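Before any comments, here is the structure.
Values in this text are rule-based calculations from the coordinates and carry no lab data. Worth saying up front: this structure is predicted, and the values here are computed from it rather than measured. FYI the Cβ positions are ideal-geometry reconstructions off the backbone, even for glycines, and counts take in every protein chain you see.
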């Protein structure tokens, strides 16, 4: 039986002759119904934008026998697409570790909303190094098959919590997404309410999609890792990286004096325009120049290039 909306999808052919009825019940597994027409569709003259929103749906056509086999098959495919609309989605599923080719575009069931979770229509998401490690099999806790993706932005598709309204712009991040449960490499993701955040923004989806994990990493590095405070000085090594640029703006807004590094003299001006108090060209070693300029040192250092720890 083909399902549509809240009930069965009904398809009536040529007024309901027994031959047509047998064909569709036995061969095409389509429920036949007479005198219960909710919406009329003419497969010969075109397929209008009809949707089974009422739960019952009847397609009707004249001249079915006059259609060629290819046209009949195309019409039935259209019928099935309408019947299953919203019930299936596309997702990149990985079943075993390996290269990018292990991510296989697959038709899967669309998740159903449940208490404490939000169904999100994914509009964009960033790619993260942790997902690369997981794809290669270097995340032992992740079990395959799995849909990867630890972050996304999109719109609320469904929620049992009135706090989340359909169509509301949201971002979702971490919390086991793409690791303990399927992540953002799919058209719809079902995420716990605790990792879903409503956002008011006019940013393009592609720009918005690049922000959640980057901003979360930057905020955590500055406020939890370095415990920054107003009036302190901060050295950002790797200042033109995405995290470096985000940290520059976040730290300036928090009232810190920021010194950024770059390997390109051509980028010095842009860092200063963005708010850096000083810019140092990093040629692989900056200790001597830092000691000359700042003999008393700086309060905090955010190292984004490399870090050596003596054990």
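Miscellaneous remarks
- Those residues of region 189-225 whose amide nitrogen sits under 20 Å from the label point placed on residue 105, 7 Å along Cα→Cβ: 189, 206
- Taking 240, 134 and counting other C-beta atoms within 10 Å, the order from fewest to most: 240, 134
- Region 114-154 and region 181-236: distance between their alpha carbon centers, rounded to Å: 15 Å
- A simple packing score, the average count of other Cβ atoms within 10 Å per residue, orders the peptides 281-290, 176-185, 104-113 as 176-185, 104-113, 281-290, with the highest score first.
- Order of 129, 73 - criterion: other Cβ atoms within 10 Å of each residue's Cβ, fewest first: 129, 73
- For residue 257 and residue 166, the FRET efficiency from 1/(1 + (r/R0)^6), where r spans their Cβ atoms and R0 equals 51 Å, is about 0.65.
- Counting every other Cβ atom within 10 Å of each residue's Cβ, 306, 219 order from fewest to most as 306, 219.
- Cβ-Cβ FRET estimate between residue 283 and residue 132, R0 fixed at 30 Å, reported to 0.05: 0.55
- P(r) tail for region 99-170: Cα pairs beyond 20 Å make up 43% of the total.
- Prolate/oblate/rounded label for region 88-210 (Cα gyration tensor, a/c 1.5): prolate
- Debye log10 I(q)/I(0) for region 227-303, one point scatterer per Cα, at q = 0.12 Å⁻¹: -0.27
- Length available on full extension from residue 155 to residue 230: 0.36 nm per residue minus the Cα-Cα distance, which gives 23.4 nm.
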